[in-house]
Amino acid sequence: MSVADTPRAVSAEGVLCTHCGLPVPAALVAPEPPQFCCSGCQMAYQVLHDAGLERYYDMSERRNLAVAATGRAYDEFDHEAFQQLWVRTRVDGLRETDLYLEGVHCASCVWLVERTPIAVPGVASAELDLSRGIVRLAWDPETATLASAARFLDTLGYRPHPFRGARADALRRKEDREALVMIGVAGAISMNVMLAAVAIYSGWGPGGMEGAFMRYFRWISMVLSVPTMIWPARPFFVGALSSLRTRTFHMDVPIAIALGGAFAHGVVNTFADSGPIYFDGVVTLVFLLLCGRFLQTRAQRAAVDSSELMHSLSPSIARVVENGEVREVPAEALVPGMILEVRHGDALAGDGVVDEGHSEIDKALLTGESVPQAVGPGDPVFAGTINRGATLRVRVERAGEESRVGQILREVERSASRRAPVVRTADKLAGRFVAAVLVLAAITLWRWYAIDPTRAMDNAIALMIATCPCALALATPLAITVAIGRAARRGILVKGGDALESLARPGVMVLDKTGTLTQGRSTLAEWQGPDDARARVLGLERHSSHPLAAGFAAAWPDMTPAESADVRSTIGGGLEGRAGGRDLVIGSPAFVLSRAADPEGLAAAGADRTLTPVLVAEDGVVVGRAAFGDALRSDAAESLAALRARGWKLRLLSGDAPAVVESVGERLGFAPADCRGGASPEDKLAEIEALSGSGTVVMVGDGVNDAAAIARADVGVGVKGGAEACLAAADVFLARSGLAPLVELTTGAARSLGIIRLGITISILYNVLGVALAYLGYINPLVAAIMMPTSSVTVVWIAWRGRTFDEATR
């Protein structure tokens with residue numbers, strides 16, 4: 001059976017696209033299969049067949065998205081400046097780079113991307129990290145180019161961008177490999193030393209063990225433990241030394257003292273052939289601490305990694321006009337004064353002023369405004385916004401980090417890494433704890449020298465081992481890691497423990513409107529006019545890429561557009577043309593009324609000021625009126641009520657028109673004083689800064705215009721469907737649609753903080769008990785070495801078994 005003949009090709013709803021499985025518009029249905037919903041899917045289908053990759057269509061999990069190929073040549077990827085910035089030469093002569101791909105999300109995407117070497121001769125390998133959307137490409141520069149591989153990926157709908165954190169990413173992978181090797185070495189040594197310890201403990205039973213064998217196992221334990229002290233334990237000794245030099249005690253100090261003291265005493269007892277040796281406790285402690293430190297480091301990197309991905313999505317190229325010719329250069333090469341050519345669908349690579357042309361600019365990325373705004377000569381435009389109309393020529397004034405979006409991203413990075421208050425509390429406790437341990441160990445040594453000198457050193461070391469803050473060091477990172485993992489399974493991605501702790505205490509929650517409380521897209525809310533006019537409207541609107549044109553198509557998906565001709569577009573006005581045998585004008589009231597009469601007064605029929613009106617005129621007479629709005633999310637009212645019931649004070653802050661914001665706020669129960677519209681990114685940041693210091697401040701949004709405010713807030717929350725910059729700045733990303741996950745987040749955070757505090761409390765109680773028993777001489781170093789990992793296991797069990805994010809938190 002061919003792909004075109006599979007059951008996926010048709011459904012009860014009509015004809016489905018052979019490539020992506022979405023419904024095919026009636027106007028695009030072909031007499032015979034295969035069927036395609038758009039030219040992008042048709043091109044992707046042909047490319048896969050030409051490359052012999054038809055098995056893609058046999059996969060059960062496939063991306064159900066229409067292919068949005070840009071058709072770009074990606075010649076800038078082969079530019080010398082680009083190659084110097086992003087391409088590496090391997091020892092085998094191949095070239096290598098990392099690219100961020102938009103739109104990868106499932107196993108079929110991995111399969112398809114990693115088949116790039118089959119489709120593009122000269123490409124040696126393509127390895128995709130699905131969780132991050134990063135593909136590592138290697139190719140032979142003699143037989144292939146990076147641009148050819150990029151064009152192939154773009155054809156499939158995976159738009160490539162240079163991954164600008166590649167160098168730091170390589171360094172981190174190196175650090176992670178070293179850390180994992182260190183953990184592996186410590187774990188292997190620990191297991192072998194424990195085997196020797198079991199033999200020694202067994203020799204203490206009835207029948208005993210011959211002295212020669214006992215000495216053998218003691219020496220084997222010491223020899224095996226030496227590598228652990230030289231390499232895996234080295235970070236703790238280096239940290240302790242640095243702490244002493246700066247006179248800022250932290251947890252590495254008591255850890256180093258306990259490890260060094262126990263090991264030294266074990267060595268002395270091994271040579272003396274008497275007393276406990278402690279090596280099993282020492283190596284186990286090193287292994288457990290390295291594991292905890294590795295988990296904590298990985299969690300702290302989440303915000304930084306996302307920030308780099310955010311930069312990867314900014315425009316990588318710009319079309320520069322020089323001497324009448326247009327050439328593509330890397331965006332990093334832009335300088336003030338250059339003239340850019342910005343075509344339909346292009347994102348601006350820098351801030352500037354329109355020099356030539358008229359068009360409409362989609363500023364949703366920066367302002368949240370859902371309707372594109374008309375621009376002309378002399379109007380300012382900003383990097384990251386998208387040209388939705390005719391070609392513009394823009395004179396660059398600021399580029400890169402100096403652009404408006406660059407400044408927002410810099411603000412994001414400043415706030416991207418914050419330490420959890422719980423961790424800061426633990427560090428404060430550790431400083432006092434270190435001083436107390438040293439003082440108590442000295443007192444214990446002095447006291448027992450007066451009572452029984454033979455037990456003085458053993459009791460002092462037992463106190464340091466028993467009070468070694470292993471459980472205290474593990475309690476927070478382990479509890480955070482478990483809670484974050486469970487939240488992720490519920491579609492709530494949390495970057496760190498500071499977010500969980502802050503969200504556990506109700507405060508002020510500021511919410512964006514567009515895309516957060518609303519669906520973030522224009523939908524047809526009202527239609528007044530004859531039914532047969534709708535087909536003619538669609539006939540004209542299918543020639544436009546304006547969001548309102550998409551709104552018409554979404555509202556009438558089953559209607560066949562009428563044949564159209566002579567379609568003309570006026571920037572900021574609307575469309576004119578002929579459809580279904582009639583002359584049509586569609587657009588803003590001012591535009592249409594300048595070309596047609598309105599005998600029925602349809603232009604004044606709408607009373608809802610929050611909706612965008614569109615008039616339709618046929619043969620010189622207004623016959624219809626449409627109104628578009630941004631619909632509220634279905635669960636918005638219920639979720640906001642639940643948040644208020646939990647003690648949160650809610651505010652609405654949006655870049656959309658004040659009248660629209662006030663109307664939405666009224667429907668959702670906001671007081672007028674708690675609603676503000678027309679807010680720029682800078683205004684949002686100032687609002688959050690003004691609220692700081694008044695308790696927990698949470699910012700919930702979905703656009704770059706929210707990114708700086710999200711980064712500045714105590715907790716930033718990005719919602720599904722938001723811009724990548726916003727999601728990168730956020731401490732929490734809600735991967736499920738709607739606002740119900742936001743309610744679940746606050747409940748789960750409260751439970752998570754309870755687990756963290758319980759773990760810290762138990763570890764402190766354990767240390768207090770250990771101090772008392774060691775000081776009174778009731779435990780020796782061997783018992784202390786057995787008790788020490790017991791506290792860690794207890795903390796791990798509490799973190800693992802605690803209920804944080806589960807079905808009950810919804």
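The values are calculated or read from the model by the stated rules, or taken from the named source; none is laboratory data. Quick caveat, the model's predicted, so the values are computed rather than measured. When we count neighbours, we look across all protein chains shown, and the Cβ atoms used for this are built from the backbone with ideal geometry, even at glycine. The protein model used for the area step is the full one, side chains on, heavy atoms only, and it has no ligands, DNA or RNA in it. Shrake-Rupley method; radii C 1.70, N 1.55, O 1.52, S 1.80 Å.
Table for the structure above
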item	result
Contacts under 7 angstrom Cβ, first residue in the range 741-768 being in a helix (DSSP H, G or I), partner open to solvent by 50 Å² or more (accessible area, probe 1.4 Å), 6 or more apart	Glu744/Arg810; Thr746/Arg646; Arg751/Arg803; Ile762/Thr794
Residue that is least open to solvent (accessible area, probe 1.4 Å), among those in the range 680-703 that are of a type in the set (A, V, I, L, M, F, W, C) and part of a helix (DSSP H, G or I)	Ile688
Test set (1) buried (at least 20 other Cβ atoms within 10 Å of the Cβ); (2) over 30 Å from the mean Cα position of the chain (by Cα) - Val621 fails condition number	(1)
Residue under evaluation Leu85, criteria (1) open to solvent by 40 Å² or more (accessible area, probe 1.4 Å); (2) modelled with pLDDT of 75 or more, criterion not met	(2)
Selection from the range 661-677 of residues that are more than 22 Å from Glu638 (Cβ to Cβ) and either open to solvent by less than 50 Å² (accessible area, probe 1.4 Å) or touching a residue at least 40 places away in the same chain (Cβ under 8 Å) (or both)	Gly677
Flag if Arg644 is free of Cβ contacts under 8 Å to residues at least 60 places away in the same chain and under 35 Å from the mean Cα position of the chain (by Cα)	yes
Qualifying position, being modelled with pLDDT under 80, in contact with an Asp or Glu (Cβ under 6 Å, 6 or more places away or on another chain) and crowded, with 16+ Cβ neighbours inside 10 Å, among Ser415, Ser403	Ser403
Residue in the range 607-618 that is closer than 30 Å to Ala383 by Cα and over 39 Å from the mean Cα position of the chain (by Cα) present	no
Selection from the range 88-108 of residues that are touching a helix residue (DSSP H, G or I) at 6+ places or on another chain (Cβ under 9 Å) and modelled with pLDDT of 75 or more	Arg88, Arg95, Thr97, Asp98, Leu99, Tyr100, Leu101
Filtered residues of the range 663-679 (kept if outside any helix (DSSP H, G or I) and either among the hydroxyl-bearing types (Ser, Thr, Tyr) or on the phi > 0 side of the Ramachandran plot (or both))	Gly669, Gly678
Filter result for the condition that a residue is touching a Phe, Trp or Tyr at 6+ places or on another chain (Cβ under 8 Å) and either surrounded by fewer than 24 Cβ atoms within 10 Å (Cβ to Cβ) or modelled with pLDDT of 70 or more (or both), over Ala499, Ala479, Ala487	Ala487
Residues of the range 629-648 satisfying the condition of being closer than 19 Å to Gln519 by Cβ and not in a helix (DSSP H, G or I)	Gly629, Asp630, Ala631, Leu632, Arg633, Ser634, Asp635
Residue, surrounded by the most Cβ atoms within 10 Å (Cβ to Cβ), within the range 24-60, restricted to residues that are assigned to a loop (DSSP other than H, G, I, E, B) and among the polar types (S, T, N, Q)	Gln35
Complete set of residues in the range 130-162 that are in a loop (DSSP other than H, G, I, E, B) and in contact with a Pro (Cβ under 8 Å, 6 or more places away or on another chain)	Thr143, Ala144
Of all residues in the range 507-537 being of a type in the set (Val, Ile, Thr) and within 21 Å of Asp674 (Cβ to Cβ), the one that is surrounded by the fewest Cβ atoms within 10 Å (Cβ to Cβ)	Val508
Selected residue (only one of Glu76, Glu127 is assigned to a strand (DSSP E or B) and farther than 15 Å from Gly157 by Cα)	Glu127
The range 523-570, subset of a type in the set (Ser, Thr, Tyr) and over 20 Å from Val622 (Cβ atoms), residue farthest from the chain's Cα centre (by Cα)	Thr560
